[in-house]
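Notes for the one structure printed next.
The values are calculated or read from the model by the stated rules, or taken from the named source; none is laboratory data. It should be emphasised that the depicted structure is a prediction, and the values quoted were computed from it without experimental measurement. In this analysis, Cβ positions are derived from the backbone assuming ideal geometry, glycine residues included, and neighbour counts consider all displayed protein chains.
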Amino acid sequence: MSRLNLQVLLALRDTAPFAPLVQALMQQEASVALASPQNIEDLLDRLREASPSLLVLELHNNAVWLERVRAQHPHLPVIVGIGKPTAEISFAASRLGAEDVLTLPLDEAEITERIRVVLEKLARQQKVSPPNIAATVVPEPPPPLAVPPQAAESKSTSTPRASSLHSSSPQLIGSNPRMAEIRDIVAKVAATDATVLIRGESGVGKEIVARMVYEASRRVQKPFIKVNCAAIPNDLLESELFGYDVGAFTGATRPKPGKFELADHGTLFLDEIGEMHPLLQAKLLHVLQDGQFSRLGAKHDLSVDVRVLCATNKLLEQRVAEGLFREDLYYRINVVTVHVPPLRERRDEIPLLTHHFLEKYAVEYRRPARFFSAEVERQMLTYGWPGNVRELENLCKRFVIVGGETQILRELSARSSMRRNAATGELPDKASLLDASPSDAEDDTSVPSRKHAQTAPSLLEIGRQAAWQAERQAIQQMLQETHWNRKEAARRLGVSYKALLNKMKQMEEEKEMQDDVHPEEKKISH
């Protein structure tokens, strides 16, 4: 695939945390120049000399640099990076027409997806093939592996060839009956304009299902626009969705269309809709019912024809009961529901997915195609995959880049041991902790573990358990008070955003462990 005819200027500090990743991603598709301007005049001189097609600009304490760039280059596409985000800087970047605003912390997958979207837009403007960042390649199916009995029961008599399935849906290519049911639902609902609610754990492939609906619909030639409701601060989400007019607020010197306008006659995918603020839910309900809305500061309503798809990993019924999600909106988006099962419930797809990801990243990183040994495959088929398909994909990517099956086996063994220890109340042994990969190691904000249940707990362990219980209660209370605005909750609790996410993840894993260990109690409670 040919590279895009793009000249990208990265105006980033050498110490910018996202600089190496952004530079590496951009270099896959465009000619990239890296600059560290000392002042705005240096940057403007560089822009006049280079005339780039895209500018990636790091902002610090304010948006003055972006304002100066906009004044002299009003049509230059700009991606803004903010290392220490505030609502004021983020909002200013949005109103000044930035293509995207990267506010830390963001993981590699999120940054990759956001950059891919911008490059795809520029590719369409150039009328060339879209960039291959995180591109999808559907391989031939691998040789059959030995599947555990519980997985073999769900396997059908024939397996479809991966090459005959839709190339954009690698996470749904298996023959598992539940996935076949999802494909059947998608085929039936795609031709309609019904709102679809896609539910499932993080990493199961909810966006893949949304894209399948879009690609099988009559709107496939129109835009597909994704909005992650959890990644955008609540005070910015309204302008992101509905746009604003001149004079809507100080500094709004030109109108900006929202995502609903950009998706007119197309499809809008609202990911993590359960995180949307209740006040904004009312305006969304009005759009879904009447197809009309108004920009911020506008005097007249606009009419749009948009197919809305939603996704969530939250229990919306519980959020309705807690007053965090409007009941009328819940019924409005829940016209057709698609439940995507976790990977542990469709283990027969692991061989296909593994083969797909290994070939995909071998091509992307220009490495020779290599596949796992029988021992690694056996471990993968019995592992629990709490991170679902996303975890499997990252493991395959790491193997392609780094190689070495020993480390992969250690990771799978250590993770399985940690989950068993969490379920039984045992402390992981020192060897397991040493075998865990750096990405899985907890930092100093990690949650204390429990001592072995067969021995009397020490005073130190009692104190740790009491402290963790107090932290859990404080986190749950603060999330309710902030309407699940995690960044605001982290600020009020006096911890970093990453630390709060780590603790929330641990809380979710503990709950999953309790459900797995006491299935009868879970059944009775329902």
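Within region 320-364, if we keep just the residues that are at pLDDT 90 or above and of a type in the set (S, T, Y), the residue that is farthest from H483 (Cα to Cα) turns out to be T337. Note on region 98-114: among residues that are at pLDDT 70 or above and of a type in the set (V, I, T), the one that is surrounded by the most Cβ atoms within 10 Å (Cβ to Cβ) is V101.
If the condition is being in contact (Cβ under 8 Å) with a residue 60 or more places away in the chain, of a type in the set (D, E, K, R) and out of contact with any Ser or Thr (no Cβ under 9 Å at 6 or more places or on another chain), then region 320-353 contributes only E322. Counting the residues of region 276-315 that are over 16 Å from F242 (Cβ atoms), modelled with pLDDT of 90 or more and not in a loop (DSSP other than H, G, I, E, B) gives 5. Of all residues in region 347-360, none satisfies being surrounded by fewer than 17 Cβ atoms within 10 Å (Cβ to Cβ), of a type outside the set (K, R) and outside any strand (DSSP E or B).
Among the residues of region 267-319, those identified as among the small types (G, A, S) and farther than 27 Å from Q480 by Cα are G291, S294, G297, A298, S303.
Determine, yes or no, whether F325 is more than 28 Å from P177 (Cβ to Cβ) and hydrophobic (A, V, I, L, M, F, W, C). For F325, the condition - more than 28 Å from P177 (Cβ to Cβ) and hydrophobic (A, V, I, L, M, F, W, C) - is met. Tell me, which residue of region 388-406 that is over 26 Å from the mean Cα position of the chain (by Cα) and assigned to a helix (DSSP H, G or I) is surrounded by the fewest Cβ atoms within 10 Å (Cβ to Cβ)? Result: T406.
When H483 is tested against (1) modelled with pLDDT under 50; (2) buried (at least 17 other Cβ atoms within 10 Å of the Cβ), only condition (1) is not met.
Note on region 372-387: residues that are in a helix (DSSP H, G or I) and surrounded by fewer than 21 Cβ atoms within 10 Å (Cβ to Cβ) amount to 8. A count restricted to region 215-246 and to residues that are farther than 21 Å from E120 by Cα and among the acidic types (D, E) stands at 3. Pairing each residue of region 371-383 that is within 14 Å of R344 (Cα to Cα) with any residue that is at pLDDT below 85 and assigned to a loop (DSSP other than H, G, I, E, B), provided the two are 6+ apart or on different chains, yields C-beta distances under 6 Å for L381/P148. Against the list (1) surrounded by 12 or more Cβ atoms within 10 Å (Cβ to Cβ); (2) under 26 Å from K188 (Cβ atoms); (3) out of contact with any strand residue (DSSP E or B) (no Cβ under 6 Å at 6 or more places or on another chain), the condition Y331 fails is (1).
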